[in-house]
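The values are calculated or read from the model by the stated rules, or taken from the named source; none is laboratory data. Everything quoted here is computed from the prediction, not taken from an experiment. Here the Cβ positions follow ideal geometry from the backbone for every residue, glycine too, while neighbour counts run over all protein chains shown. Note: accessible area is taken over every heavy atom of the protein model, side chains too, but ligands, DNA and RNA are not part of it. Shrake-Rupley method; radii C 1.70, N 1.55, O 1.52, S 1.80 Å.
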Amino acid sequence: MHIIKHFVTVTRHRRVVRKHCFKAGLIWQGLTHDLSKYSPSEFWSGARYYQGNRSPQAREREVLGYSAAWLHHKGRNKHHFEYWTDFADGRKVYVKMPAKYFAEMICDRIGASKIYMKDKYNDSLPLQYFENRTDKDSMNPQTCEDLHYFLTMLKEYGEKYMFKQLKQFVKENKKKR
């Protein structure tokens, strides 16, 4: 069990994501991001499967064949595209993410890349993760297209420009509700 290391990693991740959420104009989401990771069902699993260089949920999947912590987490955190999956007429429906949760997802992906990659982080890594490890077939097509667009923007123009555009995206889409 790596209780302290896991606690520090989760707390550092939340701090990085909070900073990014603030840049995107998401104050409340920055303050409340990933609080479920401190719940017993997520925290103890994270401490048990902690590795320091990737999500403990990946190791839990290797050991158990699934991650109970992930099932708990994705069902309570709207910034994961998996949260936005429903069933209608016997088929899966992938709902387009509301802009504020979509923006938080981007902040989360950048934050996770920074925490796990440490000094090896660069602005192309979140896009690489998206292209190589994201199950794009289980995501709403518009959400997928928008995510690729913003992560490409991050890679090509950097954080400052991308967060400015992301904040504008949230503002414009808030008006459309």
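Note on the range 128-142: among residues that are open to solvent by less than 60 Å² (accessible area, probe 1.4 Å) and among the polar types (S, T, N, Q), the one that is nearest to the chain's Cα centre (by Cα) is T134. Of everything in the range 67-107 that is part of a helix (DSSP H, G or I) and aromatic (F, W, Y), the residue that is farthest from Q168 (Cα to Cα) is W70. Just so you know, in the range 85-127 the residues that are more than 13 Å from the chain's Cα centre (by Cα) and under 22 Å from G25 (Cα atoms) include one that is surrounded by the most Cβ atoms within 10 Å (Cβ to Cβ), and it is A99. Selection of the range 108-150 for residues being assigned to a helix (DSSP H, G or I), among the acidic types (D, E) and either free of Cβ contacts under 8 Å to residues at least 24 places away in the same chain or farther than 18 Å from K19 by Cα (or both) yields D119, E131, D137, E145, D146. Among the residues of the range 3-22, not a single one is surrounded by 14 or more Cβ atoms within 10 Å (Cβ to Cβ) and either touching a strand residue (DSSP E or B) at 6+ places or on another chain (Cβ under 8 Å) or not in a helix (DSSP H, G or I) (or both).
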